[in-house]
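Each reported figure results from applying straightforward, stated rules to the coordinates on display, with no laboratory input. What you see is a predicted model, and the numbers here were worked out from it, not measured in a lab. Cβ coordinates were reconstructed from backbone atoms using ideal geometry, including for glycine residues, and neighbour counts include every protein chain displayed.
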Amino acid sequence: MPRVDADLKLDFKDVLLRPKRSSLKSRSEVDLTRTFTFRNSKQTYTGIPIIVANMDTVGTFEMAVVMAKHAMFTAIHKHYSLEEWKLFAANHPECLEAGNVVTGEMVEELILSGADIIKVGIGPGSVCTTRIKTGVGYPQLSAVIECADSAHGLKGHIISDGGCSCPGDVAKAFGAGADFVMLGGMFAGHDQCAGEIIEKNGKKVKLFYGMSSDTAMKKHSGGVAEYRASEGRTVEVPYRGDVELTILDILGGLRSTCTYVGAAKLKELSRRTTFIRVTQQHSQVFS
Ligand code: 5GP
C-alpha cells in the first residue's frame, strides 16, 4: 500500500528568518568567505560559496570571469568543446560532486560511495517542469534542512540547487544548512549569459531555458528522445546588463541577513537561524 508522509515540508516562501540580538555595527563587518576541506578528496576550498548553475545560458566562461573576481565560482556547462576549454582553463582542483537528491538517506549513500558534495533539489528550479511532468519533488527548504543534517553528520557538504528567486531565498538556503547555493534564474538575462539580446515590443529580452527543455535538447541532442518528456521551460527574461550589480545585490542582501541575526560570519548563519512560518512574506500593495 502506498504510504503518505504527513509531516509538514516547507519551501523558502513559507518562512522568514527571525531577527536576533546582534553586536555587529556594520554590514561590512560580515565575512561571507568559507573554507571547506572535503571529506573524500581532501581538497580544500575557500571562497564565497555561491555557484552559477551549469546551464548553457548562465554557466559560461564570461560569467566565470566575473564570479571569480568575487571569489565565487561557476559550474561551467558541459557543451563547450575541448578547444574552447583549453583556451580558457589553467589548473582546476577536482572534488567529486553528485546528485540531485532530496533525502538524507540518499545523501549518506552518495557520501559513503565517495562523493564530497551532494547537490540537493528535485523540481524547485525556475525553468523546471519535473513536478508537473512527473509529480516528483520535495519542498526545497525542508530538503536542505534534512540533507544538510545527514551530510554534516558524515563531514560531507551539500549544495542547495534551485528554487532561489531573490537574495532572501539565498540567505534562507544558507540558514537551512546549505554549504553552497546554486543559482540559475537569478543570473539569467545578463551580458555574461549566452545568447543574443532580442528586441520585443520595445523591450530587450534574453532567452533562458532548462537543460531538459525542448530548446536545450534540440540544440545539443538533436531533439527530445521519444522515450522521454521534456522537463524544462523556455522563457524570455528581461535583459539586465552587467551581472556585477546582481552579484553585489545578492552579497549585500546576505551580509544584511547576517547582521539581522547576529552572525559575524556566513559560517555562523545556520547556527543563528530560527525560521518562523509565515502566510505572507512581504507586502503585495505595489506588486
Ligand atoms: P533556479 O536557480 O533557476 O531556480 O534553478 C537552477 C537549477 O534548475 C539548475 O541548477 C538545475 O538543477 C535545475 N534545472 C535546470 N534546467 C532544468 C530542466 O530543464 N529541468 C529540471 N527539472 N531542472 C532543471
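A few remarks follow.
- Helix-only mean residue ellipticity at 222 nm for the chain, each DSSP H run of n ≥ 4 adding -39500 (n - 2.57), per residue, nearest 500: -8000 deg cm²/dmol
- Exposure rule at most 12 other beta-carbon atoms within 10 Å, DSSP loop GluC sites (Glu not before Pro): the chain longest free segment: 95-195
- Charged side chains reduced to their Cβ positions (Lys and Arg at +1, Asp and Glu at -1) give the chain a dipole of some 840 debye around its Cα centre.
- Full extension of the chain between Leu87 and Glu199 gives 37.1 nm of extra length, using 0.36 nm per residue less the Cα-Cα distance.
- Added length on full extension, which subtracts the Cα-Cα distance from 0.36 nm per residue, Thr279 to Lys42: 81.0 nm
- FRET efficiency for the pair Val65 and Glu29, taken as 1/(1 + (r/R0)^6) with r the Cβ-Cβ distance and R0 = 35 Å, rounds to 0.80.
- Positive contributions from Lys and Arg (+1) and negative ones from Asp and Glu (-1), summed over other residues with Cβ under 11 Å from the Cβ of Thr60, come out at -4.
- When only Cα pairs below 8 angstrom with a gap of at least 6 residues are kept, the chain shows a relative contact order of 26 percent.
- Global geometry of the range 172-223, whether rounded, prolate or oblate, following the gyration tensor of its Cα atoms and the 1.5 cut on a/c: oblate
- Derived scalar couplings between HN and Hα for the range 76-86 equal 5, 5, 8, 9, 6, 7, 4, 5, 4, 5, 4 Hz in order, rounded to whole Hz, by the Karplus curve 6.51 cos²θ - 1.76 cosθ + 1.60 (θ = phi - 60°), x for Gly and Pro.
- HN-Hα J in Hz across the range 18-27 - Karplus 6.51, -1.76, 1.60, θ = phi - 60°, x for Gly and Pro: 6, x, 9, 3, 9, 9, 6, 8, 8, 4
- Inter-part distance where the range 101-126 and the range 53-93 are each reduced to a Cα centre, Å: 23 Å
- Within the chain, longest stretch free of exposed chymotrypsin sites (Phe, Trp or Tyr not before Pro) [DSSP loop, at most 10 other beta carbons within 10 Å]: 1-226
- Within the chain, longest stretch free of exposed trypsin sites (Lys or Arg not before Pro) [DSSP loop, at most 13 other beta carbons within 10 Å]: 79-154
- Applying the Karplus relation 6.51 cos²θ - 1.76 cosθ + 1.60 with θ = phi - 60° to the range 126-137 yields 3J(HN,Hα) values of 5, 10, 9, 10, 4, 5, 6, 7, 10, x, 9, x Hz, where x marks Gly and Pro.
- Charge tally around Ser221: other residues with Cβ under 11 Å, Lys/Arg +1 each, Asp/Glu -1 each, net +2.
- Length-normalised contact order of the range 96-250 in % [C-alpha pairs under 8 Å, at least 6 apart]: 20 percent
- In terms of its C-alpha gyration tensor, the chain has a rounded overall shape, because the principal axis ratio a/c (a ≥ b ≥ c, square roots of the eigenvalues) stays below 1.5.
- Beta bridges assigned by DSSP with both partners in the chain are antiparallel in approximately 45 percent of cases.
- Extension gain, Phe286 to Asp242: 0.36 nm times the residue separation minus the Cα-Cα distance gives 13.2 nm.
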